[in-house]
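Student: Structure incoming, see below.
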């Protein structure tokens, strides 16, 4: 079965939310688990936009927390499909904090997740290839095969 290719732009997804006190720990910074939930959710949306099918998360790797996000700041997330295999999609998610009073933004986290597309019976199904267009998208795409091989090796060692 031939599956149409899709540009990265089709999957590109943005999410912004305000960090309130119930979202934070005793340091007045957002809980890491809350950030991870945002990342998983936006990766799911990006993958579904790419393949137009239900998806599940099968892997989260290279999840790096770089800086805290404080109460009262905005959390900004961007996600897009960087690479596809037969039934899987690698999704890159970038997380920034934004001080809404000064406009200052800083990178706070980044992650790669692997999502699998499912058919009507809940079985893995083919996904469209991804077509990178910008320089950043092409760089992500070029390095994705190496990340895929590392994930495969890591799974085999378990």
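Laboratory data are not the source of any read-out in this text; all were calculated from the coordinates shown. Since this is a predicted model, take the numbers as computed values, not measurements. Cβ: placed from backbone, ideal geometry, glycine included. Neighbour counts: every protein chain shown.
Student: Please list, in order, the residues from segment 128-145 whose amide nitrogen is less than 18 Å from a point placed 7 Å along the Cα→Cβ vector of residue 62.
Tutor: Correct set: 130-145.
Student: Nearest 0.05, what FRET efficiency do residue 25 and residue 105 give at R0 = 22 Å with Cβ-Cβ as r? Intermediate values should be presented prior to the final figure.
Tutor: On the way: r = 22 Å, r/R0 = 0.99.
So the FRET efficiency works out to roughly 0.50.
Student: Moving on. To the nearest 0.05, how large is the calculated FRET efficiency for residue 126 and residue 12 if R₀ is 25 Å and r is the Cβ-Cβ distance?
Tutor: On the way: r = 22 Å, r/R0 = 0.86.
Calculated value: 0.70.
Student: Counting other beta carbons within 10 Å of each Cβ, put 13, 71, 134 in order, fewest first.
Tutor: By the 10 Å Cβ count, ascending, the order reads 134, 71, 13.
Student: Moving on to the next point. Cut-off 10 angstrom, C-alpha nodes, Gaussian network model of the chain. Which of 68, 124, 21 fluctuates the most?
Tutor: Fluctuation is largest for 21.
Student: Starting from 0.36 nm per residue, how many nanometres of slack lie between residue 134 and residue 154 once their C-alpha separation is accounted for? Walk me through the intermediate numbers first.
Tutor: Numbers: separation 20, 0.36 × 20 = 7.20 nm, distance 3.01 nm.
Residue separation times 0.36 nm, minus the Cα-Cα distance, leaves 4.2 nm.
Student: Another question about this same structure. So in the chain, what percent of DSSP beta bridges are antiparallel if you round to the nearest 5? Let's see the in-between values first.
Tutor: Details: 38 of 40 bridges.
Looking only at bridges with both residues in the chain, the antiparallel portion is about 95 percent.
Student: Give the angle, between 0 and 90 degrees and rounded to the nearest 10, that separates the Cα long axis of helix 32-51 from the longest principal axis of the Cα atoms of the chain.
Tutor: Relative to the chain, helix 32-51 is tipped by roughly 40 degrees.
Student: Fewest to most neighbouring Cβ within 10 Å: what's the order for 80, 112, 38? It would help to have the intermediate numbers written out before the result.
Tutor: Numbers: 80 29, 112 24, 38 19.
The fewest-first ordering by Cβ neighbours comes to 38, 112, 80.
Student: With Cα extents along the principal axes in Å in mind, check [x] 50, 44, 31; [y] 46, 37, 24; [z] 51, 36, 30 and report the label derived from this structure.
Tutor: [z]
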